[in-house]
1. Within the stretch 41-232, how many Lys pairs sit with Cα atoms under 16 Å apart, leaving out pairs fewer than 8 places apart on the same chain?
2. Under 1.5 on a/c is rounded, so check that first for the stretch 276-345, then, if it is not, pick prolate when a/b is larger than b/c and oblate when it is not; a ≥ b ≥ c are the square roots of the alpha carbon gyration tensor eigenvalues.
3. Which entries in Lys252/Lys380; Lys261/Lys317; Lys267/Lys301 show an alpha-carbon gap greater than 25 Å?
4. Output the peptides 256-262, 101-107 sorted from most to least packed, where packing is the average of other Cβ atoms within 10 Å over each peptide's residues.
5. Using the count of nearby Cβ atoms within 10 Å as a rough guide to exposure, how do Arg357, Arg376, Arg366, Arg116 rank from fewest to most?
6. Under a straight-distance cross-link criterion of Cα-Cα below 19 Å, which aspartates and glutamates are reachable from Lys277, leaving out those fewer than 8 residues away in the same chain?
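Please treat every number below as a calculation from the coordinates, not as lab data. A quick note: this is a predicted structure, and the numbers were derived from the prediction, not measured. With ideal geometry, Cβ positions are generated from the backbone for all residues, glycine too; neighbour counts draw on all protein chains shown.
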Amino acid sequence: MAGRVFFCMIQQTRIVHAHNNSESQTRLRSPQATYGGQGGFSGLGIAPKLLEVLASLKFQTPTPIQAKAIPAAIEGKDMIGIAQTGTGKTLAFGIPLIQRLMQTGQGMGLVIVPTRELALQDNEALESLGRAFHVKTAVLIGGVAMGYQLRMLQRRPHIIIGTPGRIIDLRLVNILILDEADRMLDMGFAPQVNQILEAVPKDRQTMLFSATMPENIVKIATRHMKLPVRVEVAQSGTAAERVEHELFVARKDQKARLLDKVLSEHKGSVLLFSRTKHGAKKICRDIKAMGHSAAEIHSNKSLAQRREALEGFKLGKYRVLVATDIASRGIDVKGIEVVINYDLPENPEDYVHRIGRTGRAGQAGRAISFVVPEQRYKVKAIERLTRSSFPISPLPELPPARPSVHVIDEDRRPTFSRRTQTHVRRDYSGQRSSHRPSSFRR
Ligand code: ADP
Ligand code: MG
């Protein structure tokens, strides 16, 4: 059955493709002409059945990066795609990916991403696009039993989405996508990603997408690409258009009180970034003591805990999500009102990505950053990258400090057993608790 659907699609796409060949070239050169008004997604070389899927998913008008990237990507061109956060880059590569796999009827797509959460999110988007064509996907990420992932691979998926450390068996890959490509090629991931680039067949299409693409990374990337088309909707480093930036200079010992003030002044959901995991834990504790619901997401947490925190945040169970930079890239949560940089990020690119968790898909958003006096130079670097200037707001009158609450640090417990669990809970609450350990929660 799946084979038959694929065959039908091959017939359809060939016709559409031939018909639009010259048109798509023109569109690439004058992208503005394609955005808004001209029959939505039609005319970009997308197969009729895929157009129906887009309509059923309520996508009506392509975003600028989609209008520019899709025609060339469908033609099989290597590509470096640069567009602001929240402007639909997933579909910009997802539509051509699925269509080309259908056209050829063979090979495999590989999407590499920096975090487990982004792998799951990109998978969701690709699954919903590919469902009508029986496209099988597999997610390969840390924190999931290897045996289970091997079984997923035995299903011979059309697309694998994963973090670099987990990716195996690359012989069939004919389309390779690096989502958040600059992050994938920077020092942290480069060794693993280089191994992947060496192992995948030379005859493939390679596509890179991000909102930031430093030139040294472009240089590295193009070594692995065949005359890539550069599809640039906004200059690298351009921040999400409708986000307002607010900065406060505050000493380290003033930050918790400033946070108390900020959280009382804004009523919506808040994503807060901390520099370290340990800091995230402490800030989360402080926020709960301020009377707000909060959860933490960082690499000391299990995959199940991370999923619970993110899902709970999406569903409104937690008003505040306290995160390290693992949540700065790609995560698409509707309606985050404020992103708070409790600590400024290590590098200016991360600022663009962090604050890009708000102001997505054309919505407005707010970014509030706490700057310790000796870090003003970091603000300058962010201003240079984003080509903006961010005035410093006067520090408001701060509420009194909250008494510190003593909570046992569950992540630091060296071993885990039901006995220690009961013991720790009894120490904390003064009585036997029936709570299950957080690492059991799903
Ligand atoms: P990016 O990767 O550029 O940060 P995403 O691909 O995560 O952005 O998309 C951001 C949001 O915009 C998602 O919720 C997505 O469903 C939505 N979106 C994508 N394309 C369109 C479109 N053409 N029209 C309306 N919404 C879109
Ligand atoms: Mg993305």
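1. Details: Lys49/Lys58; Lys68/Lys77; Lys68/Lys89; Lys77/Lys202; Lys77/Lys226; Lys202/Lys226.
Here the count comes out as 6.
2. Details: a/c = 1.14, a/b = 1.05, b/c = 1.09.
Since a/c stays below 1.5, the shape of the stretch 276-345 is classed as rounded.
3. On the way: Lys252/Lys380 20 Å; Lys261/Lys317 21 Å; Lys267/Lys301 27 Å.
Exceeds cut-off: Lys267/Lys301.
4. Values: 256-262: 20.6, 101-107: 16.6.
Result, highest mean Cβ count within 10 Å first: 256-262, 101-107.
5. Values: Arg357 27, Arg376 13, Arg366 20, Arg116 23.
Listed from fewest to most nearby Cβ atoms, that is Arg376, Arg366, Arg116, Arg357.
6. Glu117, Asp253, Asp286, Glu296, Glu308, Asp325, Asp343, Glu346, Asp350, Asp409, Glu410, Asp411
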